[in-house]
Protein chains: 2
Amino acid sequence: MTRKPADAARANPARAIAFHPGDTPDGGAVSLALAELRRPVVDLAPVDPVIDPAVAVFMGDCPMAFRPPVVAIAGGAPIVGAAAILAALAAAEPSKLLPRRPAERAVAEHWSAWIETDLVPPMMASIALRRLAPRHLPEAIEQARQVLKDRVARVEAALEDGPTLAGRWSVADMRLMAWLHRADWVGLGLGSRPALGAFADRAYAKPRIVLALAATKRPPVIVDHEGREGQGA
Amino acid sequence: MTRKPADAARANPARAIAFHPGDTPDGGAVSLALAELRRPVVDLAPVDPVIDPAVAVFMGDCPMAFRPPVVAIAGGAPIVGAAAILAALAAAEPSKLLPRRPAERAVAEHWSAWIETDLVPPMMASIALRRLAPRHLPEAIEQARQVLKDRVARVEAALEDGPTLAGRWSVADMRLMAWLHRADWVGLGLGSRPALGAFADRAYAKPRIVLALAATKRPPVIVDHEGREGQGA
């Protein structure tokens, strides 16, 4: 990350939100939420010793630890993981991140919880399987593909009823959109899912969404054979 | 990593090997090989812009990227991944890392290649599945368990014929031992595999092996609720 603390953050540190996107599309969901809040955002370095001790132990002791996104709101304690962060941000500024009507708000919260527990885990597992063991575990990969297909069909059906999951662009849509942005990682085709495809097209038509998703892509350090640095594609 | 450049490295930088263990047990295999070489080892910071461009693009663009070990020998180009590193080290100092007799050397090289292509990938995939999607992909996890069981049975049978895979402690045993050291991550029981268990016991009886494996465990930064730093368990 090469973003510099914004002038606004220096002028008003009490409102600044420190953010590290981590390694997965979940960081994109947090970035989408921050784009709605329009509060100053500063970098939270991944090495800052602010991670929850339990998370640090886990990340230090587990190979292939994906790093979850982390934020610290206005100098507060770090919040780890997209679900916890989006819930905290929505609690702080509900009018910007959740539908106003209680019934729609309940639907948004239902979808947020479902994406966390039922959609993201098999997507992560699917990526890992496809990347690490395509030759060794073809049946396991097929099993993961079927589970994902069923889950995605549920989202497709919901989006046939309206442009967003819960009446207006909410944290649930942000979590979903951040993963659709990386559908290629999961091997998820949007061509055969018109409602999801239209949902993604509407999101990509909004510059602030495109910018927020672009900001969470980790810029790899590239060194060519003469030792010059550049940016990855 | 908090290791400091050894005095020996400052005295003789031309022989120093820079090493970053990455995130997986593969780093342990490299550490075991370095312990045999008895050359000065210095830290290679993971952020050093020395990673192969192709690897950097991949690691920058893929979630749950496990970081492979990286070494640079005597100021040379970085070598990424346990298989490439162990091959390079063995080529540089074959008498310390491979059997002397050609027939045994061929067996060691066969096992090294097999561990790389047939044992490590399903172990990595198994870890990812067990960690990310136990509730969602039980059949995929069972499939991975069966594949691993068959592969490990092959190693068990080989170790019933002798104390090491190829006549003497070689790079193949180092790669295997580094993964056995983390058998708990894979969910691999050694109790029902007496030859593997005895292999691990013999390795753990050697202080230089215990030290080499311990050095590759990333020390997580732990901050208690008063903000004091400490080391993880």
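Laboratory data are not the source of any read-out in this text; all were calculated from the coordinates shown. What you see is a predicted model; the values in this text were computed from it and never measured. Here Cβ is always computed from backbone atoms with ideal geometry, including for glycine, and neighbour counts include all displayed protein chains.
How big is the equivalent ellipsoid of the range B:140-193 along its three axes, where each semi-axis is √(5λ) from the Cα gyration tensor, reported in whole Å from largest to smallest?
21, 13, 9
Averaged across the residues of A:19-30, what count of C-beta atoms belonging to other chains lies within 10 Å of each residue's C-beta?
That works out to 1 on average.
Show the residues, 5+ positions off or on another chain, whose built amide H is closer than 5 Å to the amide H of B:Ile17.
B:Val41, B:Val42, B:Ala74
Along Cα-to-Cβ, 7 Å out, sits the label point; list in nm, shortest first, how far the one on B:Ala84 is from those in the other copies.
Once sorted, the set of distances for B:Ala84 reads 3.6 nm.
Run the label-point distances for B:Pro194 please: 7 Å along Cα to Cβ, every other copy, nanometres, shortest first.
6.7
Roughly how crowded by other chains is peptide A:176-186, in terms of the mean Cβ count from those chains within 10 Å of each of its Cβ atoms?
Whole-number average of other-chain Cβ neighbours for A:176-186 is 1.
Through the Karplus equation 6.51 cos²θ - 1.76 cosθ + 1.60, θ set to phi - 60°, convert the phi angles of the range A:80-90 into ³J(HN,Hα) values in whole Hz; use x for Gly and Pro.
These are the phi-based 3J(HN,Hα) values: 10, x, 4, 5, 5, 5, 5, 5, 5, 5, 5 Hz.
What is the spin-label model distance, in nm, from B:Glu139 to A:Arg202 if the labels are put 7 Å beyond Cα along the C-beta direction?
About 3.4 nm separates the two model spin labels.
Take every residue in peptide B:200-213, count the Cβ atoms of other chains within 10 Å of its Cβ, and give the average of those counts.
Taking the mean over all residues of the peptide, I get 0.
Ranked highest first by average number of other Cβ atoms within 10 Å, how do A:174-181, B:154-161, B:93-100 line up?
A:174-181, B:93-100, B:154-161
Which cross-chain or sequence-distant (5 or more) residues have an amide H under 5 Å from the amide H of B:Asp23, H modelled 1.01 Å from N in plane?
Hits under the 5 Å cutoff: B:Arg67.
Could you please rank A:Arg130, A:Arg15, A:Arg135, placing first whichever residue has the fewest other Cβ atoms within 10 Å of its Cβ?
Fewest-to-most Cβ neighbours within 10 Å comes out as A:Arg135, A:Arg15, A:Arg130.
Work out how much length B:Ala91 to B:Ala106 would gain on full extension: take 0.36 nm times their residue separation and subtract the Cα-Cα distance, in nm to one decimal.
Value of the extension gain: 4.1 nm.
Simple spin-label model, 7 Å along Cα-to-Cβ: B:Ser192 to A:Val210 in nm?
Reported label-point gap for B:Ser192 and A:Val210 is 5.6 nm.
Show me the ranking of peptides A:138-147, B:117-126 by mean Cβ neighbours inside 10 Å, starting with the highest.
Packing proxy ranking, top to bottom: B:117-126, A:138-147.
How much net charge surrounds B:Pro102 when only other residues with a Cβ under 14 Å from its Cβ are counted (Lys, Arg +1; Asp, Glu -1)?
+2
Based on the mean of other Cβ atoms within 10 Å per residue, sort peptides A:165-171, A:109-115 so the most packed one is first.
A:165-171, A:109-115
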